[in-house]
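What follows is a single structure, written as C-alpha coordinates, with notes after it.
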Amino acid sequence: MKEVLERTISAKEINAVIFDMDGVVTDTATLHMAAWKKLFNNFLDNHYPDKKRFTPTDYYNLVNGISRLDGIRNFIASRNINLPDGSPSEERNSRPTVHSLAYKKNKYFKEILNQKQAEVFQDTIALIKQLKSKNIKTGLISASKNAEEIVEKAGIKELFDIIADGKLAAKEHIKGKPAPDIFLYAAKSLKVKSSQAAIAEDASSGIKAAKAGAFKLVIGVDREGKDEMLYNAGADIVINNFNEIKISD
Ligand code: BG6
Ligand code: MG
(Lines give C-alpha, C1' and ligand atoms only; values in the text may rest on other atoms or scores of the structure.)
(Ligands and ions follow the chains in the order given, each with its own letter.)
Protein backbone atom coordinates (compact mmCIF):
# COMPACT_ATOMS: atom_id res chain seq x y z
CA MET A 1 0.00 0.00 0.00
CA LYS A 2 2.85 2.36 0.92
CA GLU A 3 4.41 1.88 -2.51
CA VAL A 4 1.14 2.80 -4.27
CA LEU A 5 0.77 5.99 -2.25
CA GLU A 6 4.42 6.95 -2.79
CA ARG A 7 4.04 6.61 -6.53
CA THR A 8 1.12 8.99 -6.65
CA ILE A 9 1.41 12.67 -7.48
CA SER A 10 -1.34 14.43 -5.58
CA ALA A 11 -2.56 17.46 -7.53
CA LYS A 12 -3.55 18.98 -4.16
CA GLU A 13 0.05 18.97 -2.95
CA ILE A 14 2.13 19.17 -6.09
CA ASN A 15 1.67 22.14 -8.40
CA ALA A 16 4.63 21.58 -10.69
CA VAL A 17 6.88 18.79 -11.93
CA ILE A 18 10.34 19.67 -13.18
CA PHE A 19 11.98 17.18 -15.53
CA ASP A 20 15.64 16.78 -16.32
CA MET A 21 16.05 16.27 -20.10
CA ASP A 22 18.85 13.84 -21.01
CA GLY A 23 17.78 10.33 -19.97
CA VAL A 24 14.40 11.44 -18.61
CA VAL A 25 12.58 13.17 -21.48
CA THR A 26 14.91 12.35 -24.38
CA ASP A 27 17.03 9.28 -24.96
CA THR A 28 20.18 11.39 -25.23
CA ALA A 29 22.14 10.31 -22.11
CA THR A 30 23.42 7.31 -24.08
CA LEU A 31 24.45 9.62 -26.95
CA HIS A 32 26.37 11.85 -24.51
CA MET A 33 28.01 8.75 -23.05
CA ALA A 34 29.19 7.69 -26.53
CA ALA A 35 30.62 11.17 -27.23
CA TRP A 36 32.41 11.25 -23.87
CA LYS A 37 33.85 7.78 -24.46
CA LYS A 38 35.26 8.80 -27.84
CA LEU A 39 36.67 12.05 -26.45
CA PHE A 40 38.35 10.68 -23.33
CA ASN A 41 39.67 7.48 -24.87
CA ASN A 42 41.21 9.35 -27.85
CA PHE A 43 42.72 11.82 -25.40
CA LEU A 44 44.16 9.10 -23.14
CA ASP A 45 45.46 7.08 -26.11
CA ASN A 46 47.29 10.12 -27.45
CA HIS A 47 48.63 11.63 -24.23
CA TYR A 48 48.28 9.22 -21.30
CA PRO A 49 48.23 5.65 -22.67
CA ASP A 50 48.89 4.16 -19.22
CA LYS A 51 45.84 5.73 -17.54
CA LYS A 52 42.60 3.78 -17.06
CA ARG A 53 40.18 4.26 -19.94
CA PHE A 54 36.71 5.77 -19.65
CA THR A 55 33.99 3.42 -18.37
CA PRO A 56 30.18 3.69 -18.00
CA THR A 57 30.77 4.02 -14.23
CA ASP A 58 32.86 7.14 -14.95
CA TYR A 59 29.94 8.48 -16.94
CA TYR A 60 27.49 7.99 -14.05
CA ASN A 61 29.86 9.29 -11.36
CA LEU A 62 31.74 12.08 -13.10
CA VAL A 63 29.85 13.57 -16.04
CA ASN A 64 26.16 12.66 -15.98
CA GLY A 65 24.10 15.78 -15.27
CA ILE A 66 27.23 17.95 -15.06
CA SER A 67 28.14 20.78 -17.44
CA ARG A 68 30.53 20.00 -20.29
CA LEU A 69 33.48 21.91 -18.77
CA ASP A 70 32.98 20.53 -15.26
CA GLY A 71 32.58 17.01 -16.65
CA ILE A 72 36.04 17.31 -18.19
CA ARG A 73 37.48 18.74 -14.98
CA ASN A 74 35.97 15.85 -12.98
CA PHE A 75 37.29 13.20 -15.34
CA ILE A 76 40.87 14.48 -15.62
CA ALA A 77 41.01 14.92 -11.83
CA SER A 78 39.89 11.28 -11.44
CA ARG A 79 42.95 10.25 -13.51
CA ASN A 80 45.30 12.66 -11.68
CA ILE A 81 45.80 14.68 -14.85
CA ASN A 82 46.31 18.43 -14.74
CA LEU A 83 45.35 20.45 -17.80
CA PRO A 84 45.19 24.21 -18.26
CA ASP A 85 41.68 25.55 -18.63
CA GLY A 86 42.51 27.34 -21.90
CA SER A 87 39.87 29.66 -23.20
CA PRO A 88 36.91 29.56 -25.55
CA SER A 89 38.85 31.60 -28.13
CA GLU A 90 41.52 28.91 -28.49
CA GLU A 91 39.20 25.96 -28.11
CA ARG A 92 39.85 24.73 -31.67
CA ASN A 93 43.60 24.47 -31.00
CA SER A 94 45.07 21.01 -30.80
CA ARG A 95 46.81 21.74 -27.45
CA PRO A 96 44.86 19.76 -24.84
CA THR A 97 43.04 22.14 -22.52
CA VAL A 98 39.69 21.87 -20.76
CA HIS A 99 38.19 24.13 -23.44
CA SER A 100 39.75 22.34 -26.41
CA LEU A 101 38.46 19.00 -25.08
CA ALA A 102 35.02 20.57 -24.57
CA TYR A 103 35.02 21.76 -28.18
CA LYS A 104 35.83 18.24 -29.42
CA LYS A 105 33.22 16.65 -27.15
CA ASN A 106 30.51 18.82 -28.61
CA LYS A 107 31.72 18.07 -32.14
CA TYR A 108 31.43 14.33 -31.45
CA PHE A 109 28.03 14.75 -29.78
CA LYS A 110 26.67 16.73 -32.74
CA GLU A 111 28.00 14.10 -35.17
CA ILE A 112 26.20 11.36 -33.22
CA LEU A 113 23.04 13.47 -33.04
CA ASN A 114 23.12 14.00 -36.81
CA GLN A 115 23.30 10.28 -37.44
CA LYS A 116 20.70 9.35 -34.82
CA GLN A 117 17.72 11.64 -34.26
CA ALA A 118 17.16 12.08 -30.49
CA GLU A 119 14.37 9.74 -29.42
CA VAL A 120 11.70 10.97 -27.02
CA PHE A 121 10.54 8.72 -24.18
CA GLN A 122 6.82 8.34 -24.84
CA ASP A 123 6.03 7.37 -21.23
CA THR A 124 7.39 10.76 -20.11
CA ILE A 125 5.31 12.60 -22.71
CA ALA A 126 2.17 10.70 -21.64
CA LEU A 127 2.73 11.76 -18.01
CA ILE A 128 3.38 15.39 -19.00
CA LYS A 129 0.09 15.46 -20.91
CA GLN A 130 -1.77 14.05 -17.89
CA LEU A 131 -0.13 16.64 -15.61
CA LYS A 132 -1.19 19.44 -17.93
CA SER A 133 -4.75 18.13 -18.01
CA LYS A 134 -4.78 18.50 -14.19
CA ASN A 135 -3.30 22.03 -14.38
CA ILE A 136 0.01 20.92 -12.91
CA LYS A 137 2.84 23.02 -14.36
CA THR A 138 5.80 21.45 -16.11
CA GLY A 139 9.43 22.57 -16.31
CA LEU A 140 12.46 21.26 -18.15
CA ILE A 141 16.02 21.65 -16.91
CA SER A 142 19.28 20.46 -18.36
CA ALA A 143 23.01 20.88 -17.89
CA SER A 144 23.26 20.70 -21.67
CA LYS A 145 23.79 23.66 -23.96
CA ASN A 146 22.14 21.58 -26.69
CA ALA A 147 18.88 21.11 -24.79
CA GLU A 148 16.75 23.74 -26.48
CA GLU A 149 17.74 22.60 -29.97
CA ILE A 150 16.96 18.97 -29.06
CA VAL A 151 13.47 19.68 -27.68
CA GLU A 152 12.73 21.99 -30.61
CA LYS A 153 13.70 19.33 -33.16
CA ALA A 154 11.67 16.74 -31.25
CA GLY A 155 8.64 19.06 -31.37
CA ILE A 156 8.09 18.96 -27.59
CA LYS A 157 9.17 22.47 -26.57
CA GLU A 158 5.58 23.63 -26.07
CA LEU A 159 4.98 20.98 -23.41
CA PHE A 160 7.06 22.94 -20.90
CA ASP A 161 6.12 26.14 -19.08
CA ILE A 162 9.81 26.89 -18.44
CA ILE A 163 13.05 25.63 -19.93
CA ALA A 164 16.27 26.28 -17.98
CA ASP A 165 19.25 24.77 -19.77
CA GLY A 166 23.05 24.89 -19.87
CA LYS A 167 23.09 28.04 -22.00
CA LEU A 168 20.92 29.90 -19.52
CA ALA A 169 22.95 28.58 -16.59
CA ALA A 170 26.17 29.90 -18.14
CA LYS A 171 24.59 33.29 -18.95
CA GLU A 172 22.99 33.73 -15.51
CA HIS A 173 25.87 32.10 -13.56
CA ILE A 174 23.55 29.43 -12.16
CA LYS A 175 25.57 26.81 -10.27
CA GLY A 176 25.48 23.29 -11.69
CA LYS A 177 24.29 20.09 -9.99
CA PRO A 178 24.72 18.84 -7.28
CA ALA A 179 23.89 22.43 -6.23
CA PRO A 180 20.10 22.86 -6.27
CA ASP A 181 20.21 26.20 -8.12
CA ILE A 182 18.94 25.17 -11.57
CA PHE A 183 15.89 23.44 -10.02
CA LEU A 184 15.23 26.40 -7.71
CA TYR A 185 15.50 28.77 -10.68
CA ALA A 186 12.91 26.69 -12.61
CA ALA A 187 10.59 26.49 -9.59
CA LYS A 188 10.81 30.25 -9.07
CA SER A 189 10.00 30.86 -12.73
CA LEU A 190 6.97 28.58 -12.36
CA LYS A 191 5.97 30.52 -9.22
CA VAL A 192 6.01 27.45 -6.97
CA LYS A 193 7.94 26.67 -3.80
CA SER A 194 10.12 23.57 -3.72
CA SER A 195 7.69 22.13 -1.16
CA GLN A 196 5.03 22.22 -3.91
CA ALA A 197 7.09 20.65 -6.68
CA ALA A 198 8.41 17.26 -7.76
CA ILE A 199 11.66 16.57 -9.63
CA ALA A 200 12.34 13.76 -12.09
CA GLU A 201 16.05 12.97 -12.58
CA ASP A 202 18.25 10.17 -13.93
CA ALA A 203 21.64 11.37 -12.61
CA SER A 204 22.87 11.01 -9.04
CA SER A 205 24.18 14.60 -9.25
CA GLY A 206 20.60 15.70 -10.08
CA ILE A 207 19.02 13.66 -7.28
CA LYS A 208 21.45 15.26 -4.82
CA ALA A 209 20.58 18.69 -6.23
CA ALA A 210 16.85 18.05 -5.84
CA LYS A 211 17.29 16.84 -2.26
CA ALA A 212 19.43 19.89 -1.45
CA GLY A 213 16.59 22.05 -2.79
CA ALA A 214 14.11 20.34 -0.41
CA PHE A 215 11.65 19.42 -3.14
CA LYS A 216 8.46 17.64 -2.14
CA LEU A 217 9.09 14.51 -4.19
CA VAL A 218 12.33 13.39 -5.85
CA ILE A 219 11.73 10.76 -8.52
CA GLY A 220 14.74 8.79 -9.70
CA VAL A 221 14.34 7.68 -13.31
CA ASP A 222 16.22 4.47 -13.91
CA ARG A 223 16.33 3.40 -17.54
CA GLU A 224 19.63 1.54 -17.19
CA GLY A 225 19.33 -0.69 -14.09
CA LYS A 226 20.81 1.94 -11.77
CA ASP A 227 18.09 2.08 -9.10
CA GLU A 228 20.48 1.47 -6.19
CA MET A 229 22.70 4.36 -7.28
CA LEU A 230 19.66 6.68 -7.39
CA TYR A 231 18.35 5.52 -3.98
CA ASN A 232 21.84 6.02 -2.54
CA ALA A 233 21.88 9.56 -3.91
CA GLY A 234 18.64 10.23 -2.00
CA ALA A 235 15.74 9.56 -4.40
CA ASP A 236 12.36 9.19 -2.64
CA ILE A 237 11.22 6.68 -5.24
CA VAL A 238 12.84 5.14 -8.31
CA ILE A 239 10.83 4.20 -11.40
CA ASN A 240 11.73 2.47 -14.65
CA ASN A 241 8.85 3.97 -16.59
CA PHE A 242 6.52 6.90 -15.90
CA ASN A 243 3.49 4.64 -16.33
CA GLU A 244 4.26 3.60 -12.73
CA ILE A 245 3.20 7.10 -11.56
CA LYS A 246 -0.44 7.89 -10.95
CA ILE A 247 -1.91 11.36 -10.51
CA SER A 248 -4.66 11.88 -7.95
CA ASP A 249 -6.98 14.91 -7.76
C1 BG6 B 1 24.07 16.50 -19.21
C2 BG6 B 1 24.58 15.13 -19.64
O3 BG6 B 1 22.69 16.51 -19.24
O4 BG6 B 1 24.56 17.53 -20.05
C5 BG6 B 1 26.09 15.18 -19.78
O6 BG6 B 1 24.19 14.19 -18.71
C7 BG6 B 1 26.45 16.30 -20.71
O8 BG6 B 1 26.58 13.96 -20.26
C9 BG6 B 1 25.96 17.61 -20.13
O10 BG6 B 1 27.83 16.33 -20.93
C11 BG6 B 1 26.38 18.83 -20.93
O12 BG6 B 1 25.82 18.78 -22.21
P13 BG6 B 1 26.35 19.61 -23.44
O14 BG6 B 1 25.40 19.23 -24.56
O15 BG6 B 1 26.29 21.05 -23.10
O16 BG6 B 1 27.75 19.15 -23.69
MG1 MG C 1 19.95 13.52 -17.21
>> Counting only helical runs of four or more DSSP H residues, what would the 222 nm mean residue ellipticity of the chain come to if each run contributes -39,500 (n - 2.57) and the total is spread over all its residues?
In response: -12500 deg cm²/dmol
>> At 0.36 nm per residue, and after removing the present C-alpha to C-alpha distance, how many nm does the segment from Q130 to D227 gain when stretched out fully?
In response: 32.4 nm
> With respect to the cross-link table entries K134/K216; K38/K116; K132/K171; K104/K137; K37/K216, which display a Cα-Cα separation exceeding 25 Å?
Replying inline: K132/K171; K104/K137; K37/K216
> What whole-number value in Å² describes the accessible area per residue of the chain for a 1.4 Å probe?
Replying inline: 48
> By its C-alpha gyration tensor, with a ≥ b ≥ c as the square roots of the eigenvalues, how is the range 116-180 shaped: rounded for a/c under 1.5, else prolate for a/b larger than b/c, else oblate?
Replying inline: oblate
>> Only four residue types carry charge here, +1 at the Cβ of Lys and Arg and -1 at the Cβ of Asp and Glu. Report the dipole size of the chain about the Cα centre in Debye, rounded to the nearest 20.
In response: 480
>> Shape verdict for the range 115-249, please, from the Cα gyration tensor: rounded (a/c under 1.5), prolate (a/b greater than b/c) or oblate.
In response: rounded
>> Whole percent per 5 Å bin, from 0 to the bin with the longest distance: what is P(r) over all C-alpha pairs of the range 47-110?
In response: 4, 18, 26, 29, 18, 6, 0
>> With 30 Å as the cut-off, how large is the P(r) tail for the chain, expressed as percent of Cα-Cα pairs?
In response: 25
>> Using the basic label-point model (7 angstrom from Cα toward the beta carbon), what is the K157 to S87 distance in nanometres?
In response: 3.2
> DSSP beta bridges in the chain, what fraction antiparallel, as a percent rounded to 5?
Replying inline: 5
>> Name the residue from N80, I163, A34 whose Cα lies farthest towards the positive end of the charge dipole of the chain, charges +1 on Cβ of Lys and Arg and -1 on Cβ of Asp and Glu.
In response: N80
> So what's the gap between the Cα centers of the range 1-71 and the range 134-165, to the nearest angstrom?
Replying inline: 17
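The values are calculated or read from the model by the stated rules, or taken from the named source; none is laboratory data. Nothing here was measured: the structure is a model prediction, and the numbers come from that model. Cβ atoms come from the backbone with ideal geometry, glycine included; neighbour counts cover every protein chain shown. All accessible areas refer to the heavy atoms of the entire protein, side chains included, with ligands and DNA or RNA removed. Shrake-Rupley method; radii C 1.70, N 1.55, O 1.52, S 1.80 Å.
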